[in-house]
Every structure is written in structure tokens, then in C-alpha cells.
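Chemist: If you scroll down you'll find the structure; I have some questions about it.
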């Protein structure tokens, strides 16, 4: 299942409004399992990319350099690749789709063994982007913050110019097929609006939620938000938080911090005068990160960083989440979510990245 962002030209709108594009693809690839792929193209349980912003404190970069993290790396490593080339972890992972031997759009006669969907951001309903690609054995969920990404399969791997200016993050986790039921249930809260989509019979029985979403509907919600534990192929635990548009609150302060039982330092894209202030009104607090630092000493401010993540202030809580919602009032009205981890490697990497935050 593949997610992408697409920004329509709506001059009459005063705020960004996004729509969903979904393409069901039928294709065959090599015999290797579908999984997240590292910088060398090898299968990994998970990886995280932090694309550096073009404008940093004291320097101007290319806008396509990035840091890489996985369990083997152990800490942030500066990639020797650029994110806009067909090398590196992101391209290696998505090329399992782009370099499939055969793919067809909405094929009636294709024997479908592997599934992919392309989707984008939705005005007032969804502000998330990513890729789900899986077969009946396993697959990956790549969630990211890059606008207008990824490209359609017939175009091959392309990194958009819209993703160069600001910092961006991407989290890829490899899951067994059984985990995609939980992922589909979480997407119901987000309510992505699909078009040009169909779910093959081989998957519709297991994943009826995807069939409904592709038809532009969903079953009535029994709650306005949901939490699901997800386990990677290697058994690493991740926790998905997903909220619908009916949960009108800051996801970080009003929900996630309280459930995790941790004070959170939050990095989201902050434009002057629009961000929510640090909030200590509830038992667990959220405080805005204003400056990030990555090895060896790359510093940049939040208004140049489009990523959305949070990390526990206290080291003993050791939790970190990556998501798709900013701490701004307008996004309280949107569906979206976070994927959280207690992995010490991920926590240490992000906690050290906090250079300056605003206390209450």
C-alpha cells in the first residue's frame, strides 16, 4: 500500500487543502521479501531518515542531504547519498515497487499477489502521507512528511523539489501481513479519500476496511480515536495513535502525552504566530522544540523543519513518536496520527537532537 501527497491548485482557498490519490497496482517482483531496505539495499526491520533543511544556522546546504538511522547504525549517520537520487534507503525501499517486473492499473484480469496504494493529504480530514506495500507474507509501512511524494510508479523514483527547502522525516517499519489489519483499522480514523482504486479479492476478505475506504466510505466510528500496538518482523514494538477529524484537540497535549504518561518535547513545523504555545495545563506537558541539532553540529530552527516528532523529556520514560500533525490550531480539526517507539536507539538519537525548547 503506497501513500503520496498531492497539493491541488485552489487559489480560492486561504489555507492548504489536500486531496487523496490512490492507485491499485498489480505487479510481480523478485522472490525476496518485501521489506524496508537500508542504504546498501539489504532488508532491515526499520529505518529512519532525517532530511536536512536547506537553510541551517551558519550554513546553506543542498536541501537533499540526509541523516540515516537503523538498529545496525546505532546512531545518526550522514548518508553518502542524496535523497533525490535512486540510491539510498528511501529509493531502495520504494524501488521494490518502481522496479517491479510488471504492474497494471485497475487490471481486471491480473492475478494480484502484491498490493500497493497511492494516497495523499486531505483537506479537513487527513494530513498524513506514506507508503504501504505488502503481500500475504509481509510488507512495509513508510510514513513521511514530504509533500508531493512519492511519485506515480510509471514515473519511477523521484524526490520532489517541494521537499527540499525544509527538514523532513521518514520512518519505515517492516511488518508481517497480519499487522496490516491493525494498520487498516487505524486508517479508518484518518479517513483517507481514495479514487482510482480497487481492492483485489485476495485481500478484501482480510482487509474490508481498505475496500470501504477505496469506495469512499467507512463504517460509523464507535470512537473518535484509537491506539494499536504493532510489532515489526523482528518483534520490536511500535504503537500507532490515530485520530479522526471528530477529535478536535491537539493530539500531542490532549491525548498522546497523557496516554504515554510522559512530558513531551515536540518538534513540528512552526510558522510565526500560528503555532500552539507550550502547554502545561494537564498532568503531562508538551513543550515546543525551537532548535534541532544533528551530528556533528548541524543546527536548524523549527520554522525550517517540516518534520513532526516528539520525544519524552525525561530519559527514564524513553519514548519517541513520529507523526503527521503540526501543533497549530487548524490541524486540531484534522485526522492524523503518530507512531511511537520505546526503542533505546531511536530514543537516544532523537533526545540528543533537541537543542533548545520552550518550557511552560
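Chemist: Stretched out fully, how many nm does the piece from residue 60 to residue 202 gain, at 0.36 nm a residue minus the Cα gap?
Modeler: 46.2 nm
Chemist: Moving on. Starting from the Kirkwood Rh over alpha-carbon pairs, what translational D in µm² s⁻¹ does segment 25-357 have by Stokes-Einstein at 4 °C and 1.567 mPa s?
Modeler: For the chosen part, D equals 65 µm²/s.
Chemist: Using a 7 Å offset from the Cα along the Cα-to-Cβ direction at both residue 152 and residue 86, what is the distance between the two label points in nm, to one decimal?
Modeler: Each label point is offset 7 Å from its Cα along the Cβ direction, giving 1.9 nm.
Chemist: Here's something else I'd like to know. Would you list the P(r) distribution for segment 209-360, with all Cα-Cα distances sorted into 5 Å bins from 0 and each bin expressed as a whole %?
Modeler: Pair shares across the bins are 2, 9, 18, 22, 20, 14, 9, 5, 2, 0.
Chemist: Fewest Cβ neighbours within 10 Å first, please rank 237, 51, 99, 308 accordingly.
Modeler: Lowest to highest Cβ neighbour count: 237, 99, 308, 51.
Chemist: For an R0 of 22 angstrom, estimate the FRET efficiency from the Cβ-Cβ distance between residue 178 and residue 71 and round to the nearest 0.05.
Modeler: Here the calculated transfer efficiency is 0.50.
Readers should treat all values here as calculations from the given coordinates under stated rules, not as data from a laboratory. Computed from a predicted structure; not experimentally measured. FYI the Cβ positions are ideal-geometry reconstructions off the backbone, even for glycines, and counts take in every protein chain you see.
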